[in-house]
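Shown next, in structure tokens, is the structure this report addresses.
Bear in mind these aren't lab numbers, they're just calculated from the coordinates by the rules spelled out. Please read these numbers as outputs of a predicted model, since none were measured by experiment. Note that we place each Cβ from the backbone using ideal geometry, even for glycine, and neighbour counts take in every protein chain shown.
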């Protein structure tokens, strides 16, 4: 059988057949962001002659993996043409198929991650009639760092151009450009929520799924200070010309140094305190025309109210962040440790009173709650006050605990959503024999949401505040974080 070919607006691409579907890998949606385009807004890919072979993943913006998050296999691939999409489809070339489309944005703290992971293969979604697209985007300083004479939020502009590529080309792959769901996990979930609030992206998608969303709320003032700091460390002006004189390896070293808190080497809590107090150092910047407001504020003011939203977290996202200090922390009262994270004594005492356990467990759960679970509840509650009929908000928790560490940790749910429990490294994270029945349930819920905007449980409402709990067995219950006084924004009181 000849390999499948599809004509895009830039030229013809040739993919590969798999069982029941086709894969088109490494299709460039933008010109390589090198040379004069390194710190520029992305430029749509110029047309090419002949047929472009799309039988292997393209080069990745990731040059180094994130040492703190190694659960997902996310390869780095060398090369300049890093702004690409991968399309998995059961109906290549069938413009009449009009299948729903999933656009997936990978995580990695906005500084790492790769769309070439076997976990992000769209085979299971193809089996269920969903065309799946995974996208790459510029990371770290190249994607999000402030530069005096460069556009801000270049990584966000990459997401938007990729969505425009989907709008213009996905019908040729059997997809429906009027039925697009964007989804992502961790930083990718934060990307999905940022796009929900971006006026320029409003017409490019119709539903959003935020999985363990790392919501970035950095403002322009902090971004400018970090950008100037990096340039100062590199001995150059904070301009495109100055920073372009530094190679990518140097930039990677400098972005780590510029973001490091003072005394981090001597105090292992310094990095965690910075994360709790200030969030991620590199990521979408709030306060420009692209992202005018923080996510919760924008949602409260009605941004994205016409789009159905699925969002939630695992129960123990970052509990493992302090697991290595368990013995050292055992003799220190948890409220004292929370103080080291910058939490005021009253809040620390209240949190401790409602969270018994060893110090490492309490602190780890606090980090999870503060960074992931509370923001998810805040977004859901803000939406509940503004949503329009037909655009529901669906909250979930993934509570099933791994046989490896006994936690429902960060990334654990991803192979359940993608129904790929037999993929590389899943056993290392989930333990032997994770329940296929739970993968069937989670994957089916996401398929229903992509197809119909309703995953199959009651929407989150101002009074009921229902969350679906994925576990063995699963259940619906009132979400405790939407009711809690501790840590939640005043808008939720």
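For the reader, a short list of remarks on this structure follows.
- By the helix-only formula, in which each DSSP H run with n ≥ 4 contributes -39500 (n - 2.57) and the sum is divided by residues, the chain has a 222 nm mean residue ellipticity of -9000 deg cm²/dmol.
- Prolate/oblate/rounded label for the chain (Cα gyration tensor, a/c 1.5): oblate
- For 281, 117, order by how many other beta-carbon atoms lie within 10 Å, fewest first: 117, 281
- Take every DSSP beta bridge whose two residues both sit in the chain; close to 35 percent of them are antiparallel.
- Cα gyration tensor, region 56-215 - rounded (a/c under 1.5), prolate or oblate: prolate
- Cα-based convex hull volume of region 291-411 per residue, rounded to whole Å³: 137 Å³
- Here the residues 127, 45, 207, ranked from fewest to most Cβ neighbours within 10 Å of their Cβ, fall in the order 127, 45, 207.
- 176, 369, 452 arranged by Cβ crowding within 10 Å, fewest neighbours leading: 452, 176, 369
- Cα centroid separation, region 171-211 to region 30-97 (Å): 18 Å
- Judged by the ratio a/c of the largest to the smallest principal axis of the C-alpha gyration tensor, region 1-135 counts as oblate, that ratio being 1.5 or greater while a/b is no larger than b/c.
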